[in-house]
Amino acid sequence: MLDRRDTHRHAGTLCRLLTGLGLAAVVAVGAAGCAGDREVEMAPPPPALTREYSAVANTVEVTLDVNRIDVPEIIGSGWTNFVITNADRAPHGFAVRGEGVDRALVTPIEPGGTQQMRVQLRPGTYRVICPTCNPDEAGMYREITVARW
């Protein structure tokens, strides 16, 4: 039977072993990259480790016009970069609501202008609206489905 001291000693041994294996893997990869005069191309870090995620975000084009929002009915889940263009003669806002998300642009989009908004979306149903007008009366809303692709 192991007592407390044995448990801590074995845990320390396991940590040293795992650290040693990780260091050996880094050294092996580094040595392989130094072999020869050929150029080695490194893969970029995974998206979770980068500060910029625009390259891995879904891009969804949105057009705001007179009494309507043009947006795809089904989009993929994950980080989503909405590119919103105001084709109307009046300023419009943009918001995404549903599945625990309630995000909106800080300032309205002037006529002819474009703004972007990034949001992380899980699979489910969302409502995109223009919060600067009464969306239900003006027809400035759409239901979208976010699906896992």
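Some notes on this structure:
- Looking at segment 56-116 alone, DSSP beta bridges between its own residues are antiparallel in about 60 percent of cases.
- Residues THR145 and THR59, FRET efficiency given R0 of 22 Å [Cβ-Cβ distance, rounded to 0.05]: 0.80
- Segment 134-149 - phi-based ³J(HN,Hα) in whole Hz, Karplus 6.51/-1.76/1.60, Gly and Pro as x: 7, x, 5, 6, 8, x, 8, 8, 8, 8, 10, 10, 9, 10, 7, 9
No lab work stands behind these numbers, since they all come straight from the coordinates. Predicted, not measured: the structure shown is a model, and the values here were computed from it. Because the Cβ atoms are built from the backbone with ideal geometry, glycine has one as well, and the counts that use them run over all protein chains shown.
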